[in-house]
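Below is one structure; the comments refer to it alone.
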Amino acid sequence: MKRLTSAGAVAIVAAAGMAGAFTGSPAGAADRTAPLPASGFNQPAAVQAEQALTAQTAAALGLAGGEVLQVRDIVKDADGTEHVRYDRTFNGLKVIGGDLIVERKSNAIKKVVYNRGAKAVGVASIKPSLSQAAALAKGSKSANFKATSNKGTLVVFVGTGKPVLAYEVVTSGVKADQTPSVLHSIVDAKTGAVLEQDDEVKSGTGNSMYSGQVSIGTSGSYSMSDPSRGGNNTTDLNGGTSGTGTIFTDPDDTWGSGTTANRQTAGVDAHYGAQVTWDYYKNVHGRNGIWNDGRGARSRVHYGNAYVNAFWDGTQMTYGDGANNAQPLTSLDVAAHEMSHGVTEATANLNYSGDAGGLNESTSDIFGTAAEFAANNTQDPGDYLIGEKINIRGNGTPLRYMDKPSKDGRSVDCWSTSTGGMDPHYSSGPLNHWFYLASEGTGSKVIGGVTHSSTACNGATITPVGRDVAAKVWYRTLSTKLTSGSNYKAAREGAINSAMELYGADSAQCKGIQAAFDGISVPAGTAACGGGTDPEPPTGDNLLKNPGFESGAVNWTGTTGVITNSTSKPARTGSYKAWLQGNGRSSTENIGQSVAIPATATAASLSFWIRIDTAETTSSRVYDTVKVQVVDGTTTTTLGTLSNLNKNTSYVQKTFNMTAYKGKTVTVKFVGQEDYSLQTSFVIDDVSLVAG
């Protein structure tokens, strides 16, 4: 949401450590990015089973020695396809930005998405040049408040460049405006440079008691604990700002008065918001709580001199006013917004900077809005306005507008290369606009008693696919496609692919999702509706599909992760290529494609461009090879072999005669093999099979 200081009112939200919140430690625990196994709670059986296979999976992916996978989340499709999300450690150190998603069916890996394309996350040494004390001082100095806690630990940081050894310094304290801060600073363990910062304090606003009389889940006689929703419970901190508090109780199961005269009122708002959000994710997306493991949320309420705090496990909200007239300001869309930050953390774990920060904030706006509609509360009907009840500006206007984000004076309607440099609350504008366009289309209409009007950035008239479709597509994108550093282009790719998977490539839903991204000016990538799943078909006389690998692994089979856009090795053209080997250990990798060569051909030839670099120093002995093969039925023929002796710093073209295979359907295959040490990388691009 958004931190506000207007007419004496302030509102903030701090994303707390999920594991820390559940165990009762203060909001802002330093292990907020730790994977689920570190939480100390029983894991779902599927996660436990997958965790037991991580060494096998790491080997299949060709991960380097020292890299260990930790399962964070599993999404399983109806057809049995699993999307397993992993975090990584390297030689025992947490890897920040090393997350990846493995898509698997029938125990076969179909696709891998590495955050920012980072397949390799190892560093040469885990011995820092910079002392921990110096790193802590750097983190503390970069904070604009007096630290009450300053902790640091060594990590591997995968930013936009190569992995580096760094310290993650977590500095906690209270800012001059009395709002809490939990600042994460990534400090280079060699140079001392501050590489990235992220404050756990996420801004938020709410509105007061506009849901009217509601039914809430309670138990016993009577406590504000809901056994039907994983044990959701709401506690009174009795003036404190940390700890677990005491669960609200009541003699007659009638709670609050709708005013601040009764301290239960804030509890009702918080408990009802948690209940609505739980039901929305469960009934619409099949998600069983924030972590999808059946655990409920704990909402903690604090009355202070000027503040009412509502804490969710996963987020913390603090509300109050400068006149010391404490009043609960939670509302349906705000409650769902804040709990959705927890869902984002449990799935894509989107960063809170760059494009990813805007996607993070907008995700909470999207699901906050969707949950508000799903609640169907007559006192707070669904609309596409965020924080519309609070009247923070004193003129009846909401905090944010999804139909036209720029109406708030700071957000942007359309994506551009400068969007990632904005505050996440304003860079969220384009995705909010996308959700509205996909849900309601262009033009003017009255929704929830409020007039909405939207135009597309490209001037197009957009036909809506409906709010439910847009929300389901975005949930699938969040849970199966995005990683922590994803940008708007990745969001477009993921959403279009999700729409294809849910509704079909030629469906109106897919085309509407795509049109809405066109409508916020996110440029087209490789994913496209209506034209099938191969956006790079054969060109000219080339019989191969996706010959330059720019569609990723589409049309090619073989070892997962070989086809990559990693910047560690240059492509000859475009950004994708096939990178075989380069592991520095005994391993075999391959890719191949089935192709039919016309019987009428008088000649056929296979050509490709290859770049070979190696750590082998010999000039006479073959250690590592790549074979060019043709598989014809049960017969495999090697057309040629290249090795570490053929090393070259630029791409060279190789050509082989395939006329003997005219009239047949064969598989063109590249097979790389390394010995036990010293890497050799065989990088292949722009493959062509021409028959004349």
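The values are calculated or read from the model by the stated rules, or taken from the named source; none is laboratory data. Note that the structure is predicted; figures quoted are calculated from it, not measured. Here Cβ is always computed from backbone atoms with ideal geometry, including for glycine, and neighbour counts include all displayed protein chains.
Some points to look at:
- Flag if residue 508 is among the hydrophobic types (A, V, I, L, M, F, W, C), touching a residue at least 24 places away in the same chain (Cβ under 8 Å), out of contact with any Gly (no Cβ under 8 Å at 6 or more places or on another chain) and surrounded by fewer than 23 Cβ atoms within 10 Å (Cβ to Cβ): yes
- For region 146-161, the set of residues classified as under 18 Å from residue 114 (Cβ atoms) and exposed (fewer than 15 other Cβ atoms within 10 Å of the Cβ) consists of 160, 161, listed by residue number.
- Some residue of region 102-120 being more than 30 Å from residue 558 (Cβ to Cβ) and at pLDDT 90 or above: no
- Output for region 647-659, where each listed residue is within 14 Å of residue 607 (Cβ to Cβ) and either under 41 Å from the mean Cα position of the chain (by Cα) or among the acidic types (Asp, Glu) (or both): 651, 652, 653, 654
- A single entry from 510, 529 fulfils the requirement of being under 25 Å from residue 455 (Cα atoms), outside any helix (DSSP H, G or I) and touching a Cys at 6+ places or on another chain (Cβ under 6 Å): 529.
- Of all the numbered requirements in (1) at pLDDT below 95; (2) at positive phi, residue 441 misses one, and that requirement is (1).
- Some residue of region 359-366 being in a helix (DSSP H, G or I), of a type in the set (D, E, K, R) and more than 18 Å from residue 521 (Cα to Cα): yes
- Counting only residues that are farther than 23 Å from residue 372 by Cα, surrounded by 13 or more Cβ atoms within 10 Å (Cβ to Cβ) and not β-branched (Val, Ile, Thr), region 445-466 holds 3 of them.
- Residues satisfying the stated conditions in region 284-299, i.e. surrounded by 22 or more Cβ atoms within 10 Å (Cβ to Cβ) and among the hydrophobic types (A, V, I, L, M, F, W, C): 290, 291, 297
- Residues in region 480-494 that are out of contact with any Lys or Arg (no Cβ under 8 Å at 6 or more places or on another chain) and either part of a helix (DSSP H, G or I) or among the β-branched types (Val, Ile, Thr) (or both): 480, 488, 489, 491, 492.
- Single condition residue 470 does not satisfy, out of (1) crowded, with 23+ Cβ neighbours inside 10 Å; (2) at pLDDT below 95: (2)
- Residue count, region 147-206 (criterion: out of contact with any Phe, Trp or Tyr (no Cβ under 8 Å at 6 or more places or on another chain), at pLDDT 90 or above and assigned to a loop (DSSP other than H, G, I, E, B)): 5
- A single entry from 383, 413, 403 fulfils the requirement of being touching a Pro at 6+ places or on another chain (Cβ under 8 Å) and in a loop (DSSP other than H, G, I, E, B): 413.
- The residue of region 647-667 that is surrounded by the most Cβ atoms within 10 Å (Cβ to Cβ), among those that are of a type in the set (Ser, Thr, Tyr) and either part of a helix (DSSP H, G or I) or touching a Gly at 6+ places or on another chain (Cβ under 6 Å) (or both), is 661.
- Long-range neighbours under 6 Å by Cβ, at least six apart or interchain, first residue more than 26 Å from residue 420 (Cβ to Cβ) within region 151-165, second of a type in the set (A, V, I, L, M) and buried (at least 16 other Cβ atoms within 10 Å of the Cβ): 151/30; 151/170; 152/135; 152/136; 152/169; 154/93
- If you go through region 435-470 and pick out every residue that is of a type in the set (Gly, Ala, Ser) and assigned to a loop (DSSP other than H, G, I, E, B), you end up with 7.
- The residue that is farthest from residue 112 (Cα to Cα), among those in region 556-582 that are of a type in the set (S, T, N, Q), in a loop (DSSP other than H, G, I, E, B) and modelled with pLDDT of 85 or more, is 573.
- The residue that is surrounded by the most Cβ atoms within 10 Å (Cβ to Cβ), counting only those in region 619-646 that are more than 38 Å from the chain's Cα centre (by Cα) and assigned to a loop (DSSP other than H, G, I, E, B), is 623.
- Among the candidates 688, 677, the residue that is among the small types (Gly, Ala, Ser) and outside any loop (DSSP other than H, G, I, E, B) is uniquely 688.
- Taking each residue of region 331-355 that is without any contact (Cβ under 8 Å) to a residue 60 or more places away in the chain and part of a helix (DSSP H, G or I) and looking for partners that are buried (at least 23 other Cβ atoms within 10 Å of the Cβ) and not basic (Lys, Arg) with beta-carbon atoms closer than 7 Å, six or more apart or interchain, yields 333/368; 333/369; 333/372; 333/386.
- Residue match in region 17-35 (condition: in contact with a strand residue (DSSP E or B) (Cβ under 6 Å, 6 or more places away or on another chain) and either at pLDDT 90 or above or of a type in the set (S, T, N, Q) (or both)): no
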